[in-house]
Every structure is written in C-alpha cells, then in structure tokens.
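The values are calculated or read from the model by the stated rules, or taken from the named source; none is laboratory data. Just so you know, these numbers come straight off a predicted model, no measurement behind them. So basically every Cβ, Gly included, is an ideal-geometry build from the backbone, and we count neighbours across all protein chains shown.
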Amino acid sequence: MRSEVVIIGGGMTGVSIAYQLAKRGITDVILLEKRYLGSGSSFRCGTGIRASFTTEEHIVLQKHSIEMWKELSEELGFFYLRGGYLWLFRKEEQVNAFREFSKIHNKYGVPTRIIYPDEIKELAPTINTEGIIAALYDPLAGKADPFGAVLSHAQACKKMGVKIYTQTEAKKIDVRNGKVIGVDTTAGYIETNKVVIAAGYGSRDIAKTAGVDLPLENVPHHALVTEKFKEVFKPLVIDWTSSAYIVQTYAGNILMGIDIEEQPNIPLTQRIDFIPTVVKVMVKLFPWLRYVNVLRYWSGYYVMSPDRHPILGPVDEVEGLYVAAGYSGHGYMMGPIVGRLIAEWIIDGKPSLPQAERLTLRRIKEGKLIYEKAVVG
Amino acid sequence: MGEKMKKGHPIFVCRCENVTLEDIEKAIEEGYTDLESLKRKLRIGMGPCQGRTCLPIVIRILARKLKKRPEELLIPPSRPPITPIPIEVFLASGGEEDEE
Ligand SMILES: Cc1cc2nc3c(=O)[nH]c(=O)nc-3n(C[C@H](O)[C@H](O)[C@H](O)COP(=O)(O)OP(=O)(O)OC[C@H]3O[C@@H](n4cnc5c(N)ncnc54)[C@H](O)[C@@H]3O)c2cc1C
Ligand code: FES
C-alpha cells in the first residue's frame, strides 16, 4: 500500500484533517482508526464549543473554529446550536478574575460579559441562583452533536476518495534518515512520506515509535446522561467553584461532569463516587433533577499537555511528521480549525493563523509555554 | 417521517428512539456496517432500555445484511446503571460534600 498522507486516529481531529485535506484536493489519504470512529474521547465528550479562553492562541483559533462549526453543520447536516455558556460564580474573586478574562475575550471579538442572577434566570429558566453572585455569559459559545459531526465528516471524506480503515491500528511510524517513510499497521505496511498523529490518548505511544517524545498525560474524566427531555435550557452551565458542568445535548439528554481526583495514565474504570458528587452540585442548581433518571455513566481521557494547549503542526526532528493532540479537555471544539491548520501546514508549508505556529512541539522544547487558565471539568 | 408513513406500516425496531427497520437498512447501505456506528447514527440502543429490546434485533439484521454470524459482530458494551435510576437515589449515597 502507498498513500500521500496517513492520518492516525479517527476522532474529531482525524476526520476533520482528512476532510479539510480532501476539500483542498488531497484525497490520496488513508485514515487509520484502531477501534471505531469516535471511540476515543470524541464520542465521550461534553459537546461544548466556546472561545472564552484566556490566551490569544486559544481565543483566536477557537473564534475561527466557531465560524467553521456553523458552516460545517450546514454543509454536512448535523446539529449545532449557539446556546451560549454560563460560568457561574459564588465568590467575588472569581467574578474579578473573569472580568479581566472578559476584557481579553472582547479584545479578540468574543462578546462575553458579566451578568447577574436576574439575567442568569432568563437564560437558564428553572435554575436556582441561591449562592450565585454573578456569571460570565458567552453568547458565542454552543454545542454540537459529536456523533453527527464525526460520522458526517467521515462519510463526506469517503465520497471524496479518502480511505478510512477502522479496526486497524498503527503499530510503528517508520523513519529513515530523519524522514517519515511509512507506517506499519495491523492491516499491513503503508508507504508514505507524511503522517499525522491525531491519536488522542494513543498519541504519545505512537510518537515514541518515531523517536519523538510528546509530553502528554492521559487523565480520566467522567460524565453521565439522564433520560431525554424537550429543551429545558440552551446554555452549557459551569459551576466554576466545583468545576461541574451541565448541558442539554442535541438529543435532549442532560449531560453532566465534574472534576474528581484521578491518577494520570491509568486504565478507564468506573468510579462509584462520581455520580453522587456531580448530582449533589447539580440538584442545587436545578432542583427538578432530583426526579430525573440517570441513563448512562462513562469515562474518557483528557489528554493533558504541560500548558493546557494542544501540540499542533510539524515536528522539527522528523520530516513529514505532524501532530494534533494534547487538547487538555477541549479538543472536540477545536476539531474544525485544527483540520484546516494541519491541511495548510501540509499543503502550504505554514498555517494561515500565526497563533498556531506558537503551538508546535518546539514551544515545549524551548520552554515557551503558554498557560491556559480556563479548563473545565 | 413522511417517507415512513407513506409506505403504510413502519416496523419499529427501537421503540425508545423511534427507529424503523427501514432506517436501519438504509444506514447499512450508506456504509454504517458496525453496531457502534449504527448506534450513533440512529441512536438505536441509547434509550431508557439501553438497547436490551432492540440490539438483539439489530444484530440479526446486520448479520444477515453482511452475511456474517451474529457472534462475528463486535457488540457494544453496556454502560452502568443498567436500568434508569432516579438522581434522588444517588443523593443519599457517598459523594464529596454532604448536607441536605
Ligand atoms: C468527559 C469528557 C468531556 C469532554 N468535554 C468536552 C467538551 O465539552 N468540549 C470539547 O471541546 N472537548 C471535550 N472533551 C475533550 C474531547 O473529547 C477531546 O479533546 C477530543 O475528542 C479529542 O479528539 P481527538 O480526535 O483528538 O481524539 P480522540 O477522539 O480520542 O480520537 C483519537 C482516536 O485515535 C485512535 N487511536 C489511538 N491510537 C491509535 C493507533 N495507534 N492506531 C490507530 N488509531 C489509534 C483512538 O482509538 C481514537 O479513536 C471532553 C472529554 C471527556 C473525556
Ligand atoms: S428499544 Fe432501542 S434503546 Fe430501547
């Protein structure tokens, strides 16, 4: 087998890269997915999409991604809604910190603002604002159906000639004289000069086979959904004090998560303390939840980088090797823009957004870390 | 829905999520040929019964279409709790802070 580009990983990142490459005419592409599409973190995510971050790099990339989410949802036909985000605060110092973040958001065209309980109640009817003093409202933020997003991208890729091999694992990236020459897979050897690592939690291991160390840690996170309802509230709501979040998904289920203490790089297991911990916070915010049924509980990895920004783009040591991983818990939302940027790196040699160039592996090697402060869940 | 109605009797395979035999056959033809993707494409198995009613039927439909034995298909894991449980029940147990 031979292919111009091989993409390792069939989550939101991998299918988006394949789609953006194909739209620019590069269709001689093989995408490898070791289980089924979306089986990594993408189908386990909270479905939230926002640009209310604290660094120029994140805000600018995400602002572009949000425009793309809208276009893609129309082009490919999946659910996407700009229902907003509400970050709820219980302490004055939280409000002050986010007032400063809001200035950064506004500077880059993200219209967030501080609001008070009356307006919070309008945006999320049925919410109990006891103990909540204010919130940051991000009207540009929203949510999208991850199943529809991943599967429709993949379907469109196949129509354009991209080959998608599921149940196929990349075992080794073959490097000779500092250049990528192929990938060994469970379905045979593929000759190629360009490989993109979009393998989520598997990125560090597969990069190692090319002699590249990606400083990523896989940290388990947990989520649950309830039975379905008609639309109760539009925004994704974050209780910043506890890091718990809640969102009504495209299908009507109520999805929630919270940060509980976890060890990095351990297998995904069920934590019996997760459900009580998250529902206790949420029942205070939405008292009617008490009578609602929990349908499913699961866990998945946040792939954490040292500074909570993804590692994107080419790797200096190995020609033809690209990375898109380490999103630190917000990589679903970045899928569209990362797909476009990686396609640009491959086709044009550089990305159209200069902020992306600051997110390569080199920043970590050179100690130029860019810390993100607003990581949720 | 319009299409389904015209043909008279839609055969519902997944009652929780209103998915018909026709929906499933169409999705398989479009290339959704594994249970995990069919599940996400159509939401079969994602209702309150968690697929206990419909998945065995879907497995047979898919096996027939692919000319495989049902045992050869990869079966999705079931996620806890196996039956729906009211949130109230969890309020009484464990978890971090306790007041109520
Ligand atoms: C509970 C939870 C909630 C979250 N909420 C949000 C949210 O609200 N918004 C948001 O933006 N993000 C959220 N995230 C993070 C988000 O899910 C991830 O950042 C995103 O899905 C990353 O997509 P990906 O395609 O890079 O990785 P993945 O979806 O993990 O895909 C990587 C794929 O690579 C495959 N793979 C691995 N190794 C190999 C190999 N050697 N060969 C072939 N294939 C391989 C895996 O099977 C996997 O399917 C959440 C995550 C969790 C766990
Ligand atoms: S009948 Fe399909 S999930 Fe219940």
Residue within segment A:141-152 that is within 16 Å of ligand 2 (Cβ to nearest atom), farther than 24 Å from residue A:320 by Cβ and either under 24 Å from the mean Cα position of the chain (by Cα) or within 14 Å of chain B (Cβ to nearest Cβ) (or both) present
yes
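Mind listing whichever residues of segment A:285-299 are touching a residue at least 60 places away in the same chain (Cβ under 8 Å) and at the interface with chain B (Cβ under 7 Å from one of its Cβ atoms)?
Once the filter is applied, which keeps residues that are touching a residue at least 60 places away in the same chain (Cβ under 8 Å) and at the interface with chain B (Cβ under 7 Å from one of its Cβ atoms), segment A:285-299 yields A:289, A:292, A:293, A:294, A:295, A:296, A:297, A:298.
Quick grid of which residues meet (1) more than 20 Å from residue A:34 (Cβ to Cβ); (2) within 11 Å of ligand 1 (Cβ to nearest atom); (3) in a loop (DSSP other than H, G, I, E, B); (4) away from every other protein chain (no Cβ under 14 Å):
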| residue | (1), (2), (3), (4) |
| --- | --- |
| A:215 | yes, no, yes, yes |
| A:222 | yes, yes, no, no |
| A:227 | yes, no, no, no |
| A:233 | yes, no, yes, yes |
Residue A:28 versus (1) within 14 Å of the chain's Cα centre (by Cα); (2) within 21 Å of residue A:341 (Cβ to Cβ); (3) of a type outside the set (A, V, I, L, M): which is the lone unmet condition?
(1)
With the condition kept exactly as written, say whether any residue in segment A:179-186 is within 12 Å of ligand 1 (Cβ to nearest atom) and crowded, with 22+ Cβ neighbours inside 10 Å.
yes
Going through segment B:13-55 in order, the residues found to be more than 16 Å from ligand 1 (Cβ to nearest atom), over 9 Å from the mean Cα position of the chain (by Cα) and without any contact (Cβ under 8 Å) to a residue 24 or more places away in the chain are B:18, B:20, B:22, B:23, B:26, B:27, B:29, B:30, B:31, B:32, B:41
Of those in segment B:31-46 that are at the interface with chain A (Cβ under 8 Å from one of its Cβ atoms) and not in a helix (DSSP H, G or I), the residue nearest to residue A:269 (Cα to Cα) is B:46
Would you check which residues across segment A:152-208 are in contact with a Phe, Trp or Tyr (Cβ under 9 Å, 6 or more places away or on another chain) and among the hydrophobic types (A, V, I, L, M, F, W, C) and list them?
A:154, A:156, A:157, A:160, A:162, A:183, A:187, A:195, A:196, A:197, A:198
For segment A:131-142, does any single residue satisfy the condition of being in the same structural domain as residue A:255 (by TED's automatic domain parsing), part of a helix (DSSP H, G or I) and not polar (S, T, N, Q)?
no
Unique match (being more than 14 Å from ligand 1 (Cβ to nearest atom), in the same structural domain as residue A:21 (by TED's automatic domain parsing) and closer than 30 Å to residue A:170 by Cβ) among A:211, A:200
A:211
What strands (runs of 3 or more DSSP E) completely inside segment A:281-334 contain at least 1 residues that are more than 25 Å from residue A:271 (Cβ to Cβ), away from ligand 1 (no atom under 15 Å from the Cβ) and at pLDDT 95 or above?
A:311-314
Please indicate, with yes or no, whether at least one residue in segment A:308-322 is more than 10 Å from chain B (Cβ to nearest Cβ), buried (at least 18 other Cβ atoms within 10 Å of the Cβ) and out of contact with any strand residue (DSSP E or B) (no Cβ under 8 Å at 6 or more places or on another chain).
yes
Within 13 Å of ligand 1 (Cβ to nearest atom), surrounded by fewer than 24 Cβ atoms within 10 Å (Cβ to Cβ) and either modelled with pLDDT under 95 or within 14 Å of another protein chain (Cβ to nearest Cβ) (or both), is that true of residue A:254?
no
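Every residue, every condition in (1) in contact with an Asp or Glu (Cβ under 9 Å, 6 or more places away or on another chain); (2) more than 14 Å from chain B (Cβ to nearest Cβ); (3) within 11 Å of ligand 1 (Cβ to nearest atom); (4) at pLDDT 95 or above, yes or no:
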| site | (1), (2), (3), (4) |
| --- | --- |
| A:6 | no, yes, yes, yes |
| A:27 | yes, yes, no, yes |
| A:79 | yes, no, no, yes |
| A:108 | yes, yes, no, yes |
Of everything in segment B:60-84 that's more than 17 Å from residue A:44 (Cβ to Cβ) and either within 12 Å of ligand 2 (Cβ to nearest atom) or of a type in the set (Asp, Glu) (or both), which residue is farthest from the other protein chains (Cβ to nearest Cβ)?
B:71
